[in-house]
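S.K.: What follows is a structure written as structure tokens; I'll ask about it next.
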Amino acid sequence: MCGIAGIISRTGDRIDQGQLDRLTDAVAHRGPDGRGTWVSADGVVGFGHRRLSILDTSVKGAQPMLYSSRYRITYNGEVYNFIELKDELVGRGYLFETESDTEVILAAYQEWGEECQHRFNGMWSFAIYDASDKSVFISRDRFGIKPLYYYSDSERFVFSSEVQAIDQFIGEKSSLNETVIKSVLTGASDYHGTVQTYLTNVFSLPGGYSVKLKNGNCQISEWYKLRKVAVPATLKDQASELRKFIQSSCKLRMRSDVPVATCLSGGVDSGAITAVLKDQIADSSGRFNNYSHTGFCAGFPGAVIDESTAARRLASQLTTDFKLKEIEAPSAERLVEAMRQCDGPMHALAFYPIWELYGFIRKNDIKVTLDGQGPDEMLGGYRPVLEAMQTAWERKKFRWFADVRKTYSSQGESAQFSSKEFVNKKFREFLKHHWKRKQIVTWPVKKSVPLATCDEGKQNTPLHLLPVRIPENFQYTLDKSLYAQFFCSPLPGILQQYDRCSMAHGVECRMPFMDYRIVEFIFSLPPESKVGNGYTKLVLREAMKDLLPDETRLNKLKIGFNAPIVDWFRGPLKTFMLDQMRTDEFRKNPYFDGTKIESSFVKFLGDPKAGWSEAWQFWPPVHLNWWMTEKKLNKSINASPTIAK
């Protein structure tokens, strides 16, 4: 896990070493354990690397790494199955000088070329230079877990792990992407599921895509598409198969030469990982026995969203050491420190407790964590009620329709959210939709409920979600919705948050549920295996029988991870928010009406009944304006260019 950077001349001119140094050091926080730069003999290609030492922590694992006197790599991430690949390559006559996965990637590229990507199980972004034809090959993992951004013009191609590094490099050529900025102001993070960034001329290389640069030409290709696989017919057998995949995924992600821990919220996702690791068999080589049997949790004392009591209980049941970081409202100075490490404006204040938690983890001498991202998006955890009801209608399964209503109606009642009211509202929307089409009693439905999550590639939309398109073999509305949640929003935005907040403190965040074998398996399951019998994430809960205590496994309460913004805005952060809103920059900001927002905030402070549904809207403009002022960005607005070809 590291920070990478690179400059490739497209004209044959030599690159500037000073520029490469600055580009590399702009991501220094991502790699506190080492630094390296390299420039090709002809001066046309330069790579930079900031190292976070995880595998083979010796100097032999340093980058940019040379292999076979021909290939040079700068690499961020982990290929977890490198041991198996290494054994196969040794059998083919390859020799290795390190114990790193980096060297295995280079040998795999020499042996299989670009096809090597399909053999990797992991998360990565890397660039490889081939001296034989002076080409550069850049790859990003299947699901975009590790970031890769680029800028390209007629003279050069520049890439980095963070947008802010490229922004510093291109200087006055950078301009704000108005469409993205306006999206952020609505509290949305869906641009992370697109090629766009907050700058018009800096792009995100999508997950499952690669770049080939040669003789000044640049070609971007899709190397991975989600495939469906054969799955067992019964829920019992599906759960058994999923359990094996989870166990295998966790075991692979325990491969580390530094201490490993888990993040433990008390829910079924993180609980499943901790439960599986409890009985994990030690690695036979003796090398990868670095699991600390420790679970880290963020707590919010006195807040409705606090899950620390459940997490502590679960840790005790799983004989896991429990370390709690109580998250208090930050001082202005502390909040500004976190904001400076965000790489752009955040759509929500949820990033702050994540940032604090990973700082706490690093202070406890942990460099690697296993986290539970993925199941909510794949298995209906984020309340796709309308889509699930529509799918029951499409499949002519009325009993399952009733089951869906019951399932989502039993996820908890609080002053801030009522699952029963939410489901009743969605049911009325469902009836209204079919009544308008006179299909309330027509069987089957000919038109599905419109999805409001993912634009399927319309070129004329301002924020088109190219290359995210829902595959044709996703037949049902729920499946399409879950696909959009995973590849479009919210998961890509969540991945971005966790990457920035963990890497700000030099901690690698690994995600067992995003093993491609698990993702392909779950997306191949029928809808009833995902939501049913009164539960979301049904097949996962079944898979954890006898491993995860039923108190956690069968808990229906859904609490999303966030910051207690209602309490913070009314209390400790009130002065900070008002101070920000009363600056000239805020009141004159071209992207929103600052005076109106300040007035609404004052009204919110005086209304004891106002809750999260009112509070969320205040953070995006505050963070955006602070960031614009801090970075002193060029505020000119230009149309976004197309992805480089």
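The values are calculated or read from the model by the stated rules, or taken from the named source; none is laboratory data. Quick caveat, the model's predicted, so the values are computed rather than measured. Glycine gets a Cβ as well: all are built from the backbone with ideal geometry, and neighbour counts include every protein chain shown. Protein only, heavy atoms only, side chains kept; ligands, DNA and RNA dropped before computing areas. Shrake-Rupley method; radii C 1.70, N 1.55, O 1.52, S 1.80 Å.
S.K.: Of these, 112, 124, which one is surrounded by fewer than 18 Cβ atoms within 10 Å (Cβ to Cβ) and among the aromatic types (Phe, Trp, Tyr)?
M.R.: Only one candidate passes the filter, namely 112.
S.K.: Hey, does segment 60-74 have a residue that's of a type in the set (Phe, Trp, Tyr), in a loop (DSSP other than H, G, I, E, B) and in contact with a helix residue (DSSP H, G or I) (Cβ under 8 Å, 6 or more places away or on another chain)?
M.R.: No, the conditions are met nowhere in segment 60-74.
S.K.: Moving on to the next point. For segment 152-269, list the strands (runs of 3 or more DSSP E) that sit wholly inside it and hold at least 3 residues that are more than 20 Å from residue 137 (Cβ to Cβ) and modelled with pLDDT of 95 or more; which are they?
M.R.: So the answer is 260-263.
S.K.: Filter segment 258-290 for residues that are more than 30 Å from residue 382 (Cβ to Cβ) and either within 24 Å of the chain's Cα centre (by Cα) or of a type in the set (Phe, Trp, Tyr) (or both) and give the result.
M.R.: Across segment 258-290, the qualifying residues are 258, 259, 288.
S.K.: Now, a different point. Looking only at segment 21-30, which residues are within 21 Å of residue 8 (Cβ to Cβ) and not charged (D, E, K, R)? Talk me through it step by step, then tell me what you get.
M.R.: Of segment 21-30, the ones within 21 Å of residue 8 (Cβ to Cβ) are 21-27, 30.
23, 24, 26, 27 - these are the residues of segment 21-30 that are within 21 Å of residue 8 (Cβ to Cβ) and not charged (D, E, K, R).
S.K.: Then there is this: What residue, among those in segment 35-59 that are part of a strand (DSSP E or B) and among the small types (Gly, Ala, Ser), is surrounded by the most Cβ atoms within 10 Å (Cβ to Cβ)?
M.R.: It comes out as 48.
S.K.: Still on this structure, I have one more. Among the residues of segment 592-613, write down those that are in contact (Cβ under 8 Å) with a residue 12 or more places away in the chain and among the acidic types (Asp, Glu).
M.R.: The one that is in contact (Cβ under 8 Å) with a residue 12 or more places away in the chain and among the acidic types (Asp, Glu): 598.
S.K.: I've got another one for you. Could you list all residues from segment 35-84 that are under 26 Å from residue 517 (Cβ atoms) and among the hydroxyl-bearing types (Ser, Thr, Tyr)?
M.R.: Result: 75, 80.
S.K.: On the basis of being in a loop (DSSP other than H, G, I, E, B) and crowded, with 19+ Cβ neighbours inside 10 Å, does residue 557 make the cut?
M.R.: no
S.K.: Moving on to the next point. Residue by residue through segment 377-406, note down the ones that are within 27 Å of residue 517 (Cα to Cα), charged (D, E, K, R) and modelled with pLDDT under 95.
M.R.: 383, 387, 395
S.K.: Answer yes or no as to whether residue 82 is at pLDDT 95 or above and open to solvent by less than 40 Å² (accessible area, probe 1.4 Å).
M.R.: Yes.
This table checks each residue for (1) open to solvent by 30 Å² or more (accessible area, probe 1.4 Å); (2) out of contact with any His (no Cβ under 7 Å at 6 or more places or on another chain); (3) within 26 Å of residue 126 (Cβ to Cβ).
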{"position": "147", "(1), (2), (3)": "no, yes, yes"}
{"position": "166", "(1), (2), (3)": "no, yes, yes"}
{"position": "169", "(1), (2), (3)": "yes, yes, yes"}
{"position": "197", "(1), (2), (3)": "no, yes, yes"}
{"position": "204", "(1), (2), (3)": "no, yes, yes"}
{"position": "217", "(1), (2), (3)": "yes, yes, yes"}
{"position": "231", "(1), (2), (3)": "yes, yes, no"}
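S.K.: With the condition kept exactly as written, say whether any residue in segment 335-358 is of a type in the set (Asp, Glu) and touching a strand residue (DSSP E or B) at 6+ places or on another chain (Cβ under 7 Å).
M.R.: Yes, there is a match, as at least one residue in segment 335-358 is of a type in the set (Asp, Glu) and touching a strand residue (DSSP E or B) at 6+ places or on another chain (Cβ under 7 Å).
S.K.: Just checking, does segment 8-23 include any residue being open to solvent by 10 Å² or more (accessible area, probe 1.4 Å), without any contact (Cβ under 8 Å) to a residue 40 or more places away in the chain, farther than 21 Å from residue 161 by Cβ and not acidic (Asp, Glu)?
M.R.: Yes, segment 8-23 has at least one match.
S.K.: Going by the conditions given, is residue 125 modelled with pLDDT of 95 or more, small (Gly, Ala, Ser), within 27 Å of residue 26 (Cα to Cα) and not in a helix (DSSP H, G or I)?
M.R.: yes
S.K.: Out of all the residues in segment 400-431, which are open to solvent by less than 50 Å² (accessible area, probe 1.4 Å), assigned to a helix (DSSP H, G or I) and touching a residue at least 60 places away in the same chain (Cβ under 8 Å)?
M.R.: 400, 403, 404, 407, 408, 419
S.K.: Using the structure shown, decide if residue 567 is surrounded by fewer than 18 Cβ atoms within 10 Å (Cβ to Cβ), under 29 Å from residue 423 (Cβ atoms) and not polar (S, T, N, Q).
M.R.: For residue 567, the condition - surrounded by fewer than 18 Cβ atoms within 10 Å (Cβ to Cβ), under 29 Å from residue 423 (Cβ atoms) and not polar (S, T, N, Q) - is met.
S.K.: Right, something else. If you take the residues of segment 608-626 that are more than 22 Å from the chain's Cα centre (by Cα) and of a type in the set (Phe, Trp, Tyr), which of them is farthest from residue 571 (Cα to Cα)?
M.R.: Applying the filter and picking the extreme gives 626.
S.K.: Sticking with this structure for a sec: Check whether at least one residue in segment 533-554 is in a helix (DSSP H, G or I), more than 26 Å from residue 230 (Cα to Cα) and in contact with a Leu (Cβ under 6 Å, 6 or more places away or on another chain), and report yes or no.
M.R.: yes
S.K.: Kindly evaluate residue 510 against the criterion of being open to solvent by 10 Å² or more (accessible area, probe 1.4 Å) and either at pLDDT below 95 or of a type in the set (Lys, Arg) (or both).
M.R.: It is false that residue 510 is open to solvent by 10 Å² or more (accessible area, probe 1.4 Å) and either at pLDDT below 95 or of a type in the set (Lys, Arg) (or both).
S.K.: Residue by residue through segment 542-553, note down the ones that are exposed (fewer than 15 other Cβ atoms within 10 Å of the Cβ) and either under 26 Å from the mean Cα position of the chain (by Cα) or touching a residue at least 24 places away in the same chain (Cβ under 8 Å) (or both).
M.R.: 545, 551
S.K.: Just give me the residues in segment 377-389 being in contact with a Phe, Trp or Tyr (Cβ under 7 Å, 6 or more places away or on another chain) and crowded, with 22+ Cβ neighbours inside 10 Å, in sequence order.
M.R.: Correct list: 377, 378, 385, 386, 389.
S.K.: A further question follows. So the check is Cβ under 9 Å with 6+ separation or different chains; which pairs have a first residue in segment 352-367 that's over 17 Å from residue 292 (Cα atoms) and touching a residue at least 24 places away in the same chain (Cβ under 8 Å) and a second one that's among the aromatic types (Phe, Trp, Tyr) and part of a helix (DSSP H, G or I)?
M.R.: That search, which allows pairs on different chains as well, returns 354/498.
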